[in-house]
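The values are calculated or read from the model by the stated rules, or taken from the named source; none is laboratory data. It should be emphasised that the depicted structure is a prediction, and the values quoted were computed from it without experimental measurement. Here the Cβ is made from the backbone with ideal geometry for all residues, glycine too, and neighbour counts use every protein chain on show.
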Amino acid sequence: MRCPSCRSAVPDGSRFCSTCGHDLQARADERRVVTVLFGDLAGFTTMAESVDPELVKNLVDRCFERLVRDIVSFGGRVDKIVGDAIVALFGAPVAHEDDAERAVRAALAMQETMAAYRAEVGTRMQLRIGINTGEVLTGAMRAGGDYTAMGDVVNTANRLEMAAPPGEVYVGAASYYATSLAVAYEPVGVVHARGREGPVEAWRAEKVLLLPGRYPRGHRSPLLGRDDELILLRRAVCLAVSRRRASLVLILGDAGVGKTRLADELSEWTVREFGARHVESRCVPYGEANIWYPIGAALRELCEVGEDMTLLDAQQRCGEVVAKVLGTKPESATAQPITGSLLHLMGYEGPLRHLEPQRAREEAGRSLVRFLEGLTADQPLVVRLADLHWADDLVLSLLDDLLNKLSRCPFLLVAGARHLVDPRWSRRPGRYNELVVNLDPLEDSAAEQLLSRLLDGKAISPALRETLLARSGGNPFFLEELVALTDRSELVSAGPEFGADWGLPLPIEQELPETLRGLVAARLDRLSAEEREVVENAAVVGRSGPLFALEKMAAATGSGPAWRAALDRLVDRELLELSGRSWTFRSDLIREVAYSTLTKNDRARRHAGIAVWLEDQRGDSEQLDHGSVDRIAFHYGTSATLASELGGVPGLPVDLTERALRWLGEAGRRARVGEVHVLAARLFSQALDLAGDSATPQRLEFLLGRAEARWGLFELDAAAEDVACALELAARLGDEHGRARALMARAEIEQRRGALEPAHSTLLEALDAFRSLGDRCGEAETLRHLGMTLLFQRDYPDAEATTQAALATFRELGDRRGEAWALQNLAWVAYLSGRVADAEVRIDESAATFTEIDDQAGLAWANGLLAFTRFHQGNLGEAERLAEEILPDTHERGDRFGEAMMLLLTALVRLWSGRTVAAVERAEEAQGLFARIGDSPGQAQAEATSGRALVASGRVAEGLHVLEDVAARSRRAQFLAGEAMGGLALASTALHVGDVDRASAQLAVIVGIDPTVGEISGDERAAAIGLTHLQRGDVDAALDALRPWLADSEADPAPAVLAALALALVARGDAYGGLRAADRVHESPRSTYLDLTHAYIAAGLAHAQQDDTSEVIAAFSAARQLIDRTGDVVAQGVVRLAEAHALTAVEATSARGVRREAERRLAGLTIKAEGWATAFALAQHPRQTVA
């Protein structure tokens, strides 16, 4: 073994290190979450002034002797007694799952003890107590001293004690929240404690509400993933009842794994299926003087004896029940002794109290058997015992007796316990049945189902979902507590983790709830020293890792081969899992708690040791894969950061900071190239913190790297600050290349803010700088960015030419990545200018190049554009599939713009496939994300999509209000995809409900704008103009507006334009032409459900003009079948309105009923559809003039 202080080798079992004198058997320093109890005797000083000091000492000694007993009885440890003050720790050196609760219970008991002592000796002394919970450093001072705790938590407990009135207990916020279910409190408010800058919130503990280990049941979680166990348990119950055979069902598992929930389900089923009698009880870890409490509590329920019932009342009630069960009278010689024995087990004084203990136990056992035999004579009995691991050995022995002596009775003992019970209870063999079920954590699919049920519709990000599942490790209680934490404050991960194959830690902002930390800490404190060291080493490595990492760390600490045996025991304890040559934590919570107990000094040493070993093994960074670079950067960066916080740690490499900066910079560069923006920003931030304010080229590189990552995250203000610092630093260093890069970054920020002219100017300045430096690569990259700015300015020809120039330069330089991005940008130019076929060719080229160079981020962008192309081509299913595949990747990389665009695309797909409610949900997601990143055009597009979907789904007024707001903002700004975006969406939606006046008003604003025939918004504008004229009753104007668009896109006319044309031709009386146009809509792969619906309406009206009733019925039957499968309730009403007109034209008897249904539907939506009524009336009477 080695000395933990100086690392010198020392013989096994040594008490002190022969080199440095370190106490080898003292507990090492640890960071622990503890609850500190600070008590002080009020009135001590006054008494000491007037009473002999020897008497004072005796009084105080006896007082503290009793108070210490209270502390110890609740699992606390007296830290120190100084004068008239006492300090106790709960949770150190050994943790319990409920240390905060134990401390408050102990404090209330101490107040009762103090009151009794005060009455006994006639003193006026009183006790003030303050309690606080939080992280402290525990250990012994090197200069000498006992084990103690240090930290602000201790000081705050002292301040709370000083603020508390004599005789009262004040607790801080963390202690209150950890114990509020078990203790009654009164809020005190803010306490301005002496010695603290800030105020402290405090609560006064009033009384204990529940026995230890008992908590009120709130909403019961669903039982998921336990079908196999439940089938097994039910078969055991069936056998016990049918064969009248006593049975023990023992459910073993870790805390929170679902033992109680499974036992609940089994017991309730047994009651339903067999009419069984059911009672439940539990064992408590402390605070109960009656060792028979678990049996006694069950008997109280069976005998209807309340907890507060007097002995006389209990005798009467219990005697009546016993007599009824045995078929005799309460005063009979048979019933009375059994009644007395049962009361003894319930904790009442009685004759058995005066017997020798062994004989009293035997007598109580015989009486209990007789009573239970009678109870089970005509009805099965289920006795539930929870937390059996806390039971006294005598209780376990009594359970053995019951099972053996009731072997021919339908008696079921359903017990839940942790594995702590295994070494204590070896069941005696007998003629009863026994089933032991070891309950494992939930499988992944069941945990995911449970998480969804617990969230109850609350939307969370995929990363947060993954984090919650990983932290819980499939433990239902852990998952419930973590979800409850998200209700108090959104639990947000800091983004992608380093080195996924080693499962390095995922930073989490929120602290663990004390309930979970206590459960896990108590479990870890039961480990041996060797097991604890392996767990701690594993926690430093990460969530998972290779066995050789643990082997090397064990060798470094002198543990030798013992680590492997300790690892195997940890696997047996189900803390770790093995798979081949790697290990994984069963729950991320275990890793977090184990890591949190290490001191920062120890963490720094261990991280540095791993980093040095990895660096020595892996060689030069250029030859390493991303995962290896990430791991080395993580461990060096963490070690250097910790060492900086501590002002240095002896024994670390002298050039630790330089190594950390080099590896953090390389990892950040790779993350930036891969467009993993969240990770890149975090790495460069860590590097900048370590680098300080020095004016070095390395710091300039970090600033530029973080600026690029931040604008990738749309954190534009922060990115602008980094660019300003970079420009200043470049000027100080005389670094013209750095200045040019900073100008490019500034232009990108300006562009993303919508300031396109300033961005254009800045890029031209950067272009001149790169050209003057002869930097062809920088020149090409600047040209590419300039091309995108021109694209956003809707200058498609110049955007094409500029980006082509960038592409040529990249190809000349052999820069395949630059070439791939230039091709992708050219695809955007083609797509937005309406050249969809060209866009698809360029997308294929860029995707092939991105694949060749293994640029997954670039490939995602190419596929994202392909998804939009598929949408424009009418292939909605393929567009949605691509977008849904890309979404997780964009979120993981922190590409918020890409994520928002994919959310928008899926909302559009849902809208135009008729899934209106789902479209609203997804559009609102997109709108929220666009708003967070400050992308006004994207936000407007998402809001316009949401507004259209709201109207179609029947929320007409709400949707129109949204669209009016978008249209108003669109008129005040120039957005990508046309200034008319908001107005066009509102006009089209107004036409959808037949509000032609509203549509006309919007089109009057945008009609004068050059539509740029071929631009993707042009088709919808043409269809809207044509339908507006039609709903106004001007058929000729409608046809004049629509025909030019057909001529300019004859090869593939837009279905929306064709459908509007079909309606206009029918309104003119050209039934044949209308049918031809409708057929072309049906033939087009680009047709949406609404295009098809309009085509069916046109066909039905055309057949009415031809007086073909059967075809009218067929056309509108098809229209109804199509539209009724969607969520577009507006179109459902419009179809029936058109059908009524057509049926009236052919004088069908059903016309009146269809009209009534149409009017009812439209009235329910509070719309009149006057524009549609005009258009359909024209088609019904094509040769008449309609006013």
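Details
- Residue within the range 591-610 that is crowded, with 21+ Cβ neighbours inside 10 Å, among the hydrophobic types (A, V, I, L, M, F, W, C), within 31 Å of the chain's Cα centre (by Cα) and at pLDDT below 85 present: no
- Filter pass, Val153 being outside any strand (DSSP E or B), in contact with a helix residue (DSSP H, G or I) (Cβ under 6 Å, 6 or more places away or on another chain) and either of a type in the set (Phe, Trp, Tyr) or under 16 Å from Glu514 (Cβ atoms) (or both): no
- Residue check for Ile853: under 24 Å from Gly754 (Cβ atoms) and either surrounded by fewer than 23 Cβ atoms within 10 Å (Cβ to Cβ) or touching a strand residue (DSSP E or B) at 6+ places or on another chain (Cβ under 7 Å) (or both): no
- Within the range 385-401, tally of residues that are in contact with a Gly (Cβ under 8 Å, 6 or more places away or on another chain) and either touching a residue at least 40 places away in the same chain (Cβ under 8 Å) or under 23 Å from Glu268 (Cα atoms) (or both): 6
- Flag if Thr1149 is surrounded by fewer than 19 Cβ atoms within 10 Å (Cβ to Cβ), assigned by TED's automatic domain parsing to the domain that holds Gly1171, modelled with pLDDT under 95 and in contact with an Asp or Glu (Cβ under 9 Å, 6 or more places away or on another chain): no
- Test result for Arg1136, surrounded by fewer than 19 Cβ atoms within 10 Å (Cβ to Cβ) and in a helix (DSSP H, G or I): no
- Test: Ser367 is under 19 Å from Glu301 (Cβ atoms), out of contact with any Asp or Glu (no Cβ under 7 Å at 6 or more places or on another chain) and assigned by TED's automatic domain parsing to the domain that holds Phe274: yes
- Positions within the range 192-210 being at pLDDT below 85 and over 33 Å from the mean Cα position of the chain (by Cα), in sequence order: His192, Ala193, Arg194, Gly195, Arg196, Glu197
- Members of the range 589-601 found to be assigned to a helix (DSSP H, G or I) and in contact with a strand residue (DSSP E or B) (Cβ under 9 Å, 6 or more places away or on another chain), listed by number: Ile590, Arg591, Glu592, Val593, Ala594, Ser596, Thr597, Lys600
- Single match in Gly172, Gly151, Gly144 (criterion: at pLDDT below 90 and either polar (S, T, N, Q) or within 43 Å of the chain's Cα centre (by Cα) (or both)): Gly151
- Odd one out for Leu368, checked against (1) hydrophobic (A, V, I, L, M, F, W, C); (2) touching a residue at least 12 places away in the same chain (Cβ under 8 Å); (3) surrounded by fewer than 19 Cβ atoms within 10 Å (Cβ to Cβ): (3)
- Taking every residue in the range 612-637 that is among the small types (Gly, Ala, Ser) and crowded, with 24+ Cβ neighbours inside 10 Å and pairing it with any residue that is outside any helix (DSSP H, G or I) and modelled with pLDDT under 85, at least 6 positions away or on another chain, the pairs with Cβ-Cβ distances below 7 Å are Ala633/Phe498.
One line per residue, one yes/no per condition, for (1) surrounded by 19 or more Cβ atoms within 10 Å (Cβ to Cβ); (2) among the β-branched types (Val, Ile, Thr); (3) not in a loop (DSSP other than H, G, I, E, B):
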{"site": "Ala522", "(1), (2), (3)": "no, no, yes"}
{"site": "Glu530", "(1), (2), (3)": "no, no, yes"}
{"site": "Glu533", "(1), (2), (3)": "yes, no, yes"}
{"site": "Glu536", "(1), (2), (3)": "yes, no, yes"}
{"site": "Ala539", "(1), (2), (3)": "yes, no, yes"}
{"site": "Met553", "(1), (2), (3)": "yes, no, yes"}
{"site": "Gly558", "(1), (2), (3)": "no, no, no"}
{"site": "Trp563", "(1), (2), (3)": "yes, no, yes"}
{"site": "Arg569", "(1), (2), (3)": "no, no, yes"}
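- Checking the range 329-346 against the condition returns a match, with at least one residue being surrounded by fewer than 17 Cβ atoms within 10 Å (Cβ to Cβ), touching a helix residue (DSSP H, G or I) at 6+ places or on another chain (Cβ under 8 Å) and under 18 Å from Glu304 (Cα atoms).
- When each of Ala805, Ala830 is tested for being surrounded by fewer than 24 Cβ atoms within 10 Å (Cβ to Cβ) and modelled with pLDDT of 95 or more, the lone residue that passes is Ala805.
- Neighbours by Cβ (under 9 Å, 6+ apart or cross-chain): first from the range 741-754, closer than 18 Å to Gly778 by Cα; second in a loop (DSSP other than H, G, I, E, B) and of a type outside the set (Ser, Thr, Tyr): Ile749/Ala755
- Wholly enclosed helices (runs of 4 or more DSSP H) of the range 733-851 bearing at least 3 residues under 22 Å from Asn863 (Cα atoms): 776-792, 796-813, 816-832
- The single condition from (1) surrounded by 18 or more Cβ atoms within 10 Å (Cβ to Cβ); (2) under 28 Å from Leu570 (Cβ atoms); (3) touching a helix residue (DSSP H, G or I) at 6+ places or on another chain (Cβ under 6 Å) that Trp663 fails is (2).
- Residue among Arg1043, Arg1076 that is out of contact with any helix residue (DSSP H, G or I) (no Cβ under 7 Å at 6 or more places or on another chain), outside any loop (DSSP other than H, G, I, E, B) and modelled with pLDDT under 90: Arg1043
- Out of Leu326, Leu248, one residue alone is at negative phi, touching a residue at least 24 places away in the same chain (Cβ under 8 Å) and over 41 Å from the mean Cα position of the chain (by Cα). It is Leu326.
- Residue selected from the range 28-67 under the condition at pLDDT 85 or above and small (Gly, Ala, Ser), by the criterion nearest to Arg532 (Cα to Cα): Gly39
- Any hit, the range 409-428, residues being aromatic (Phe, Trp, Tyr) and touching a Leu at 6+ places or on another chain (Cβ under 7 Å): yes
- Residues of the range 1096-1133 that turn out to be more than 30 Å from Ala918 (Cα to Cα), of a type in the set (Ser, Thr, Tyr) and either buried (at least 24 other Cβ atoms within 10 Å of the Cβ) or in contact (Cβ under 8 Å) with a residue 12 or more places away in the chain (or both), as a count: 1
- Here is the figure for the range 101-150: residues that are farther than 19 Å from Asn601 by Cα and outside any strand (DSSP E or B) total 28.
- Residue check, Leu575 surrounded by 19 or more Cβ atoms within 10 Å (Cβ to Cβ), in contact with a Lys or Arg (Cβ under 7 Å, 6 or more places away or on another chain) and hydrophobic (A, V, I, L, M, F, W, C): yes
- Only one of the numbered conditions (1) assigned to a helix (DSSP H, G or I); (2) crowded, with 21+ Cβ neighbours inside 10 Å; (3) in contact with a His (Cβ under 7 Å, 6 or more places away or on another chain); (4) aliphatic (A, V, I, L, M) is violated by Val382, and that is (1).
- Residue identified as more than 37 Å from the chain's Cα centre (by Cα) and either among the hydroxyl-bearing types (Ser, Thr, Tyr) or within 16 Å of Leu399 (Cα to Cα) (or both) among Tyr286, Tyr293: Tyr293
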